[in-house]
Amino acid sequence: MADLTVTLHSDGGRQTARVLDVSPTGVKVAVEDEPAVDARITLQTARRAFDGHVRWVDGGRLGLSFDRPLSKSEQSELAGLGWGF
């Protein structure tokens, strides 16, 4: 997996995060400021936005569960493997 930086948007503002792992139903990211569990989050890449909520938080990392499963191309984009064409 390539290193990909994304932006997380929430009621508390926005912050940059680094993608650590991707699955069809969620993503693990490294963050500076930990949002609360169950907080609504929009994860923004250069081309797309994905809505979800925080499932867990642990030591500067969090698990985000998406509102809908990702396609293979969306997973590839979040994994930093290309633009999903």
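Kindly provide the set of residues from region 30-46 that are modelled with pLDDT of 90 or more, under 16 Å from Arg18 (Cα atoms) and not polar (S, T, N, Q), ordered by number.
We begin by selecting, within region 30-46, every residue modelled with pLDDT of 90 or more; these are 30-45.
After this cut, where a residue has to be under 16 Å from Arg18 (Cα atoms) as well, the list is 30-35, 41-45.
Correct list: Ala30, Val31, Glu32, Asp33, Glu34, Pro35, Ile41, Leu43.
Within region 36-81, track down each residue that is under 23 Å from Gly12 (Cα atoms) and of a type in the set (Gly, Ala, Ser).
Across region 36-81, the qualifying residues are Ala36, Ala39, Ala46, Ala49, Gly52, Gly59, Gly60, Gly63, Ser65.
Only residues that are farther than 19 Å from Gly59 by Cβ and surrounded by fewer than 13 Cβ atoms within 10 Å (Cβ to Cβ): list them for region 15-34, please.
Pro24
Output the number of residues of region 37-59 satisfying the condition of being of a type in the set (Gly, Ala, Ser) and either surrounded by 12 or more Cβ atoms within 10 Å (Cβ to Cβ) or touching a helix residue (DSSP H, G or I) at 6+ places or on another chain (Cβ under 7 Å) (or both). Spell out the reasoning first.
Taking region 37-59 and keeping what is of a type in the set (Gly, Ala, Ser), we get 39, 46, 49, 52, 59.
Among the residues that remain, those that are also either surrounded by 12 or more Cβ atoms within 10 Å (Cβ to Cβ) or touching a helix residue (DSSP H, G or I) at 6+ places or on another chain (Cβ under 7 Å) (or both) are: 39, 52.
Number satisfying all stated conditions: 2.
Can you give me the number of residues within region 50-76 that are out of contact with any His (no Cβ under 8 Å at 6 or more places or on another chain) and closer than 17 Å to Leu4 by Cα?
11
Among the residues of region 1-57, how many are in contact with a Pro (Cβ under 8 Å, 6 or more places away or on another chain) and over 18 Å from Leu70 (Cβ atoms)? Break it down into steps so the answer makes sense when it comes.
If we filter region 1-57 for residues that are in contact with a Pro (Cβ under 8 Å, 6 or more places away or on another chain), which is where we start, we get 8, 10, 12, 24-25, 41, 54, 57.
Next, from what is left, pick out any that are over 18 Å from Leu70 (Cβ atoms): 10, 12, 57.
So the count comes out to 3.
Only one residue in Gly63, Gly80, Gly52, Gly26 is touching a Phe, Trp or Tyr at 6+ places or on another chain (Cβ under 8 Å) and in contact (Cβ under 8 Å) with a residue 40 or more places away in the chain. Which one?
Numbers: Gly63 fails: in contact (Cβ under 8 Å) with a residue 40 or more places away in the chain; Gly80 fails: touching a Phe, Trp or Tyr at 6+ places or on another chain (Cβ under 8 Å); Gly52 fails: in contact (Cβ under 8 Å) with a residue 40 or more places away in the chain.
None of the others qualify; the one that does is Gly26.
The values are calculated or read from the model by the stated rules, or taken from the named source; none is laboratory data. Bear in mind that the values here come from a model prediction, so they are computed numbers and not experimental data. Heads up, the Cβs are rebuilt from the backbone with ideal geometry, glycines too, and the neighbour counts pull from every protein chain shown.
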